[in-house]
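Everything below concerns the one structure shown next.
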Amino acid sequence: MIASLNGTVLSVGATSAVIETSGVGHQVLSTPTTLADLRHGHQARVHTHLVVREDSLTLFGFGTENERDTFVALQSVQGVGPRLALAMLSVHTPDALATAVAAGDRKALEQVPGIGAKVAARLLLELGGKLSLPDAPGATPAPAGDARGQVEDALVGLGWNPKAAASAVEAVVDGPVAEADVPATLRRALQTMGAKRG
């Protein structure tokens with residue numbers, strides 16, 4: 001099992017990055033939060049989980065062990081595969097998911113596109129006690145910049161069409177999006193889109 005990668009970032013896309021270790025480039029699917037912290041040409045360390053299927057080997061990477069462990073725990077629930085687990089971590093932080101499960105907040109889980117009432121109820125039932133509740137919140141500010149396109153690209157990567165993605169971003173922000181705000185903006189946009197679905 002590949003538990004982590006430590007290497008040079010060769011490229012960063014809307015839904016994945018390529019990290020080179022020992023001359024081998026590994027494509028790593030990840031959340032907007034983790035991808036926003038990766039920089040082309042810089043060293044990076046990600047905590048990984050390898051999903052093995054008959055026809056594929058897919059590597060998922062995360063900025064923290066908590067995020068990786070939450071990703072693994074989510075897939076222990078029937079009906080939740082790696083793509084849906086990744087979508088959940090694109091909308092909610094691990095701490096927010098743990099808090100929602102502990103509080104029995106089904107509506108918060110249903111904000112994730114692809115999660116209906118049945119799956120949300122199953123998540124609440126089966127994840128009880130499996131997710132670590134947050135200790136003390138903390139945030140690291142970063143310089144401002146216009147990263148609206150990153151949010152739209154991430155939404156397209158998650159399966160939305162470009163027009164819907166642009167409209168969703170427009171609905172939650174008025175001006176430029178700071179790079180540090182990409183994950184939060186994406187979550188708000190996804191919550192809006194999830195609400196529209198029903």
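The values are calculated or read from the model by the stated rules, or taken from the named source; none is laboratory data. These numbers were taken from a predicted model, which means no experiment stands behind them. Positions of Cβ are generated from backbone atoms using ideal geometry, with glycine treated the same way; all protein chains shown enter the neighbour counts.
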Among the residues of segment 121-141, write down those that are of a type in the set (A, V, I, L, M, F, W, C) and modelled with pLDDT of 75 or more.
-> Ala121, Leu123, Leu124, Leu125, Leu127, Leu131
Could you please let me know if Lys163 is modelled with pLDDT under 90 and in a helix (DSSP H, G or I)?
-> yes
Criterion: under 25 Å from Val182 (Cα atoms), at pLDDT 90 or above and out of contact with any Phe, Trp or Tyr (no Cβ under 7 Å at 6 or more places or on another chain) - qualifying residue of Ala87, Ala100 | Ala87
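What is the residue count in segment 79-117 for residues that are outside any helix (DSSP H, G or I), of a type outside the set (A, V, I, L, M, F, W, C) and in contact with a helix residue (DSSP H, G or I) (Cβ under 6 Å, 6 or more places away or on another chain)?
Just the residues of segment 79-117 that are outside any helix (DSSP H, G or I), to begin with: 79-81, 92-93, 104-105, 110-116.
From what's left, of a type outside the set (A, V, I, L, M, F, W, C): 79, 81, 92-93, 104-105, 110-111, 113-114, 116.
Subset that is in contact with a helix residue (DSSP H, G or I) (Cβ under 6 Å, 6 or more places away or on another chain): 79, 104, 110-111, 113-114.
Number of matching residues: 6.
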Leu35 is checked against (1) in a strand (DSSP E or B); (2) buried (at least 20 other Cβ atoms within 10 Å of the Cβ) and fails just one. What number does that condition carry?
-> (1)
When you go through Val12, Val18 one by one, which is the residue that is within 23 Å of Leu186 (Cα to Cα), touching a residue at least 24 places away in the same chain (Cβ under 8 Å) and surrounded by 11 or more Cβ atoms within 10 Å (Cβ to Cβ)?
-> Val12
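Quick one: which of Val177, Val156, Val182, Val151 is outside any helix (DSSP H, G or I) and either of a type in the set (A, V, I, L, M) or without any contact (Cβ under 8 Å) to a residue 24 or more places away in the chain (or both)?
Only one candidate qualifies: Val177.
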Taking Thr70, is it within 20 Å of Met1 (Cβ to Cβ), of a type outside the set (Asp, Glu) and touching a residue at least 60 places away in the same chain (Cβ under 8 Å)?
-> yes
For Gln27, are the conditions met, namely being surrounded by fewer than 22 Cβ atoms within 10 Å (Cβ to Cβ), in contact (Cβ under 8 Å) with a residue 12 or more places away in the chain, outside the structural domain of Gln191 (by TED's automatic domain parsing) and part of a strand (DSSP E or B)?
-> yes
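Under the condition of being in contact with a Ser or Thr (Cβ under 7 Å, 6 or more places away or on another chain) and not in a strand (DSSP E or B), which residue from segment 43-66 is surrounded by the fewest Cβ atoms within 10 Å (Cβ to Cβ)?
The extreme case among them is Asn66.
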